[in-house]
1. Within segment A:137-178, track down each residue that is more than 16 Å from the ligand (Cβ to nearest atom), closer than 21 Å to A:Ala89 by Cα and at the interface with another protein chain (Cβ under 7 Å from one of its Cβ atoms).
2. Report, by residue number, each residue of segment A:61-72 that is among the charged types (D, E, K, R) and either within 14 Å of chain B (Cβ to nearest Cβ) or within 16 Å of the ligand (Cβ to nearest atom) (or both).
3. Consider A:Tyr101 against the criteria (1) in contact (Cβ under 8 Å) with a residue 12 or more places away in the chain; (2) at the interface with chain B (Cβ under 9 Å from one of its Cβ atoms); (3) touching a helix residue (DSSP H, G or I) at 6+ places or on another chain (Cβ under 8 Å): it satisfies all of them except one. Which criterion is unmet?
4. Among the listed residues A:Ser100, A:Ser87, identify the single one that is away from the ligand (no atom under 16 Å from the Cβ) and of a type outside the set (A, V, I, L, M, F, W, C).
5. Please indicate, with yes or no, whether at least one residue in segment A:270-286 is of a type in the set (A, V, I, L, M) and free of Cβ contacts under 8 Å to residues at least 24 places away in the same chain.
6. Within segment A:294-314, is there a residue that is in contact with a Phe, Trp or Tyr (Cβ under 8 Å, 6 or more places away or on another chain) and among the hydroxyl-bearing types (Ser, Thr, Tyr)?
7. What's the total number of residues in segment A:221-231 that are exposed (fewer than 15 other Cβ atoms within 10 Å of the Cβ) and either under 21 Å from A:Ile193 (Cα atoms) or at the interface with chain B (Cβ under 7 Å from one of its Cβ atoms) (or both)?
8. Find all pairs meeting these conditions: Cβ atoms under 7 angstrom apart; at least six residues apart or on different chains; first residue within segment B:128-141 and at the interface with chain A (Cβ under 8 Å from one of its Cβ atoms) and under 19 Å from A:Leu226 (Cα atoms); second residue in a helix (DSSP H, G or I) and charged (D, E, K, R).
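The values are calculated or read from the model by the stated rules, or taken from the named source; none is laboratory data. Given the structure is predicted, the values throughout are model-derived calculations rather than measurements. When we count neighbours, we look across all protein chains shown, and the Cβ atoms used for this are built from the backbone with ideal geometry, even at glycine.
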Amino acid sequence: MAAIVRAWKLVLSMIVLGALAAEALPVFAHGERAQEPYLRTRTAHWYDVTWSADKLSVNQEIVVTGKFRLYSDWPDAVQLPETVFVSNATPGPVFARVDSYLNGVPARQSFRDLEVGRDYEYKMVLRARIPGRYHVHPMIAIKGSGPLVGPGRWINVGGTADDFNYSLTAISGEKIDDLETWGVSAALTWHSIWLVIAAAWILWWVRRPLLIPRYLALKKEREDLLTTDTDIKLGIVVLVVAVGLAFYGYNWAQSKYPRTVPLQAGTMYTPPLPVQSPVVKIRFQEAKYDVPGRSMRMVMDVTNISDKPLRLGEFATASIRFVNHQLPAAKANVAANYPAELVARNGLGISDDSEIKPGETKQIAIDATDAAWEIERLTSFLTDVDSKVGGLLFFFDPEGRRHIAEVGGPILPVFKKS
Amino acid sequence: MSPNSREILAVSELPPEGAKLSRIWDWCVVAAVALLFMGAIHLHVMLTVGDWDMFIDWKDRQFWVLVTPVSMLMIPAALQAVFWHYFRLPIGMTLGAVLLLIATWITRYVGWHLWGYFPFTMGVPATMIAGALACDAILLIVRSSLLTSTFGGFVFALLFYPSNWASLAPYFIPIEHQGMVASVADMIGYVFPRSGTPEYIRMIERGTLRTYEGTTVWISSFFAGVICIFMHMLWWRIGLAFSTQRFVDSSKRFKKFVGLA
Ligand SMILES: [Cu+2]
């Protein structure tokens, strides 16, 4: 007995310790990291993501906005974004969705024919519903491929779940005072009525001698005893009641709710955001991932085709931002409250950070080093069938205006320290 | 005990202790059947009907009305065959329907509401009790599996929609949201996000059936009825096949192998 108690104590303490250890990690493991690097570096690149609050109580609203670029070198393993639903990733419906938009168009239904190489802008308004601490991400789901999750931010929700309310008024005038409970008691009542009738029917039979006696009687060809005239009369009553009640219920509902609509389906369309006139031409040369150094190095030729000098300010991929600390405009482009774990501490190393003059072509090597490669499990591109990497480059002109360019190509692993 | 019950016991020639034990046996079987088939039917419906009956914003007038009764009929029809063939008990379908409804509400409450934070409105289930009662009653009246399949199977599917509309109609009144019409059911699906269930995976009234303005649901119900006739025939036989025991003589070689000959 004591041994069992001891074993139990051990098991319980292990569970508690495990839970504590998990809680103590700086960022709790999330589904977004389960996605392969080619999904996260070569599909939707999320930028300018904002969360309007990081603390709110039940019934208060948070607005998540931002943009995404659908990367041009779209991986073959992922369906093209022909049907896309704009959504948010949270652990279950802990936030209620109030409104959502893609390029200003209501996003309650899915969108068709999004274009790779183009940018889209989304906005979603979420109302806090269940108290807790949640990682809130924007997300798009692509038909045939599934969800692509953007950067997440921890949001604390206070208050009590019981206070949550979502009420509506129907076009036909009915007042729906709570979308969480509307119609539920009526459904339960109808189900109970049917259950009672069914239970009565079953009881009618099982209260009598049941399996073995009936089986034996049937063997002796005394079927006449097993279903009597009364039984058959009751059977007729049950048939009439079942059909009658079904159609009575139908008519009752039709007269109570004379105006109903079918489920609304179908897709929406919006053109992508206008294209910024390109200011640079990028020629990818090579990319290497230094496994022990947790560092990605990429070499490219950059040609400035604009009439202003440019400097590279940021390399962004898989929701991790490598920012050029020497460039104030690039630093200013990172909002003060942006999740720190998604901004590489060492920033972006650039071999030649001097201005790229108009018309000039310059070979630059960038160095993106951060433990985030490991934490975000991006190193598994070594096990992908399509070992390529992609990202966005943010260039800034002297006025601080930002220009976005795509970069990417095959990536080679380096296993030994160079 | 009624005279009829006494007579059944007399005909069975069970001694009094035997009758008592058989009653205990009944309860064991009831408990086992209830739990086993509660799980089996629920699992079966989850796998074959899936989202169509899980979510309120999937219950369309075409596929939900078609897929749900056809799948819900299967295991109850097998139960009906077993209960009728061996015991002349016309309760198999009703039992299946009751067990499924109870199991569904348990998972909606424990799994969805307590665990997944979903409101009850998201998962109001359908029930097949009306059709199951009618089918059992028809079996009792016509006493033939063929006629039960023909009429019972058809009525089973036909009663599915009207008997559920009473509890589902409030979810189909129109709402205006973002300048568009939506049913309350659409709103529930939108307001309480399922991150793994994007809107586009719903299959809502595709194909030409929807062009029968307003009557889609009845055409779908009739079609489901026709399929249910054949489903009932098939699953009646599956029920009988799975409740038949045959003793097969071991071969000489096998007996020799295990040292019996
Ligand atoms: Cu997360």
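1. Of everything in segment A:137-178, those that are more than 16 Å from the ligand (Cβ to nearest atom), closer than 21 Å to A:Ala89 by Cα and at the interface with another protein chain (Cβ under 7 Å from one of its Cβ atoms) turn out to be A:Lys143, A:Tyr166.
2. The answer is A:Glu61, and nothing else.
3. Looking at each condition in turn, A:Tyr101 falls short on (3).
4. Working: A:Ser87 fails: away from the ligand (no atom under 16 Å from the Cβ).
After ruling out the rest, the residue left standing is A:Ser100.
5. Taking segment A:270-286 first, the residues of a type in the set (A, V, I, L, M) are A:273, A:275, A:279-280, A:282.
Next cut, free of Cβ contacts under 8 Å to residues at least 24 places away in the same chain only: none.
Looking for residues that are of a type in the set (A, V, I, L, M) and free of Cβ contacts under 8 Å to residues at least 24 places away in the same chain, one finds none in segment A:270-286, hence no.
6. yes
7. Step one: filter segment A:221-231 for residues exposed (fewer than 15 other Cβ atoms within 10 Å of the Cβ), giving A:221, A:223-224, A:228-230.
The next check asks that each one be either under 21 Å from A:Ile193 (Cα atoms) or at the interface with chain B (Cβ under 7 Å from one of its Cβ atoms) (or both); those that pass are A:223, A:228.
Of the residues in segment A:221-231, 2 are exposed (fewer than 15 other Cβ atoms within 10 Å of the Cβ) and either under 21 Å from A:Ile193 (Cα atoms) or at the interface with chain B (Cβ under 7 Å from one of its Cβ atoms) (or both).
8. Within 7 Å, the pairs are B:Leu140/A:Asp231.
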